[in-house]
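Everything on this sheet refers to the single structure shown next.
The values are calculated or read from the model by the stated rules, or taken from the named source; none is laboratory data. The structure presented is a predicted model; accordingly, all values stated were derived computationally and were not measured. We place every Cβ from the backbone using ideal geometry, glycine too, and count neighbours over all the protein chains shown. For the accessible areas, the whole protein counts, side chains as well, though only heavy atoms, and no ligand, DNA or RNA atoms are used. Shrake-Rupley method; radii C 1.70, N 1.55, O 1.52, S 1.80 Å.
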Amino acid sequence: MGNMNSASEDSDGIYQAPVVLNIYDLTPINNYTRCFGVGIFHSGIEVHGLEYGFGAHDFPASGVFEVEPKRCPGFIYRCSVPLGYTNMPPTEFRAFMENVASEYHGDTYHLITKNCNHFTEDMSLRLTGKEIPGWVNRLARLGVMCSCLLPESLQVTTVKQSPEYHGCSEEDGSESQSTATTREPTESDDAEQDKHLLSPTMGGVELAFIRETTQR
């Protein structure tokens, strides 16, 4: 049997690459609340051997990042859900993601209205025409209807850092990098440590933000 994450051609010769949703727990409390159909989850979309997610930072620039599948730093991997297939080859898909990155700036992230799960749902719809499972983002949907149920402290960004961008060469897949202006940590940053933060090097796993297509 072939690897479900491997690209192939169907009987009509149409290129197909699997699209997979990787789901993570943001907190161990999910083990107790999932029986009620509610949990706090992060999700990423896996295509062509990389996982793509959306996170927050303080800059009007791409908040779309790539990471090794099932190893998004700061979260606890739970499960994967096959969503379908895309007929975009790697080079076309890369251009697609760079265009998408211009729609998902880090400073527009919002836990209730524009979070990582909204991003993966949008990607799934564009690539496969299918929605992600409803339970993955149920808490945000409840928050939209009844925001008073969610403490303000939950409505914070989950990534707090200067973005690093990695471009991928079409010829050999090698990476090139340019780093945005960095800043020294402040006392307010230290106060955020009890929240779920993403770092480019947490747990030895590299996280790279996608360079967005320049808008003219």
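Screening residue 57 on (1) open to solvent by 30 Å² or more (accessible area, probe 1.4 Å); (2) at pLDDT below 95 shows it passes everything except condition (1). For region 25-35, the criterion of being at pLDDT below 95, within 23 Å of residue 110 (Cβ to Cβ) and part of a helix (DSSP H, G or I) is met by at least one residue.
Just to verify a result, which residue in region 104-132, among those that are modelled with pLDDT of 95 or more and in a loop (DSSP other than H, G, I, E, B), is farthest from residue 75 (Cα to Cα)? Residue satisfying both the conditions and the ranking: 129.
For region 91-118, filtered to residues that are charged (D, E, K, R) and within 28 Å of residue 14 (Cβ to Cβ), the residue that is surrounded by the fewest Cβ atoms within 10 Å (Cβ to Cβ) is 92.
When residue 13 is tested against (1) open to solvent by less than 60 Å² (accessible area, probe 1.4 Å); (2) more than 16 Å from residue 89 (Cα to Cα); (3) part of a loop (DSSP other than H, G, I, E, B); (4) at pLDDT below 95, just one condition goes unmet, and that condition is (2). If you check 88, 4 for being modelled with pLDDT under 95, open to solvent by 10 Å² or more (accessible area, probe 1.4 Å) and in a loop (DSSP other than H, G, I, E, B), only one passes: 4.
Looking only at region 68-85, residues that are within 12 Å of the chain's Cα centre (by Cα) and at pLDDT 95 or above come to 3 in all.
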